[in-house]
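Worksheet: the structure to be examined is printed underneath.
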Amino acid sequence: MLTRIDHIGIACRDLEATVDFYSRTYGFEVFHTEVNQEQGVREAMLRINGTDDGGASYLQLLEPIREDSAVAKWLAKNGEGVHHIAFGTADVDGEAAAIRDKGVRVLYDEPRRGSMGSRITFLHPKDCHGVLTELVTAATPGDDEGR
């Protein structure tokens with residue numbers, strides 16, 4: 001079951017300038033930053049609020065660190081802006097399988113490591129009315145990088 005909007009991913013060319021904008025304009029503070037070599041991005045997670053299921057909702061600001069990363073390619077084609085929406089679930093494997101059974105293409109055979117130690121997979125945007133959709137299982141409490 002999907003439990004919340006985990007985050008909205010926003011592609012940007014200058015992470016510091018984009019963080020500054022969201023901080024000055026809306027008062028959002030950086031909760032977490034990291035470099036994800038596998039995804040080829042530097043990112044900042046800005047916590048928006050907590051949720052009833054113990055998770056939280058975030059804005060994820062993504063700056064590519066390599067020209068061959070998916071975010072770099074997306075920026076070249078589309079410019080800065082909303083890149084994807086992510087839904088939280090307690091079971092990314094089970095949720096992905098259930099959605100795959102409904103005819104939606106799941107982009108990873110096995111979930112990968114995401115922000116803050118989470119497990120993630122993506123759904124093909126052509127099967128989701130043009131929206132790149134991510135499924136996220138947050139790291140469990142006690143994990144080194146848990147939310």
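The values are calculated or read from the model by the stated rules, or taken from the named source; none is laboratory data. For clarity, every value in this text was computed on a predicted model and none was experimentally measured. Methodologically, a virtual Cβ is constructed for each residue, glycine included, from the backbone with ideal geometry; neighbour enumeration extends over all protein chains shown. Heads up: the accessible areas ignore ligands, DNA and RNA and are worked out on the full protein's heavy atoms, side chains in. Shrake-Rupley method; radii C 1.70, N 1.55, O 1.52, S 1.80 Å.
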Check: Separation between the Glu110 and Lys73 pseudo-spin-labels, each 7 Å from Cα along Cα→Cβ, expressed in nm?
Finding: 2.3 nm
Next item on the list: Taking only protein heavy atoms into account and a 1.4 Å probe, give the accessible area per residue of the chain in Å².
Entry: 54 Å²
Notebook entry, point to check: Please state the equivalent ellipsoid semi-axes for the range 1-71: what are the square roots of 5 times the Cα gyration tensor eigenvalues, largest first, in whole Å?
Noted result: 22, 16, 9
Margin query: Springs between alpha-carbon pairs under 10 angstrom, Gaussian network model over the chain: which of Ala76, Ala96, Ala56 fluctuates most?
Written below: Ala76
Margin query: Accessible area of the chain with a 1.4 Å probe: how many percent of it is carbon plus sulfur?
Written below: 51 percent
Item checked: Inter-label distance, nm, simple model (7 Å from Cα along the C-beta direction), Ile5/Asp93 -> 3.0 nm
Note to self: Rounded to whole Å, give me the distance from the Cα center of the range 1-41 to that of the range 84-109.
What the structure shows: 22 Å
Check: Scaled to the compact-protein estimate 2.2 N^0.38 Å, what is the alpha-carbon radius of gyration of the range 67-147, rounded to two decimal places?
Finding: 1.16
Margin query: Using the Cα atoms of the chain, I'd like the radius of gyration and the largest Cα-Cα distance, Dmax, both in angstrom.
Written below: 14.7, 44
Item checked: Cα-only Debye scattering, the range 32-81: base-10 log of I(q)/I(0) at q = 0.14, 0.16, 0.19 Å⁻¹ -> -0.43, -0.53, -0.67
Item checked: 27 Å Cα-Cα reach of Lys102 towards lysines, excluding residues that sit fewer than 8 places from it in its own chain -> Lys126
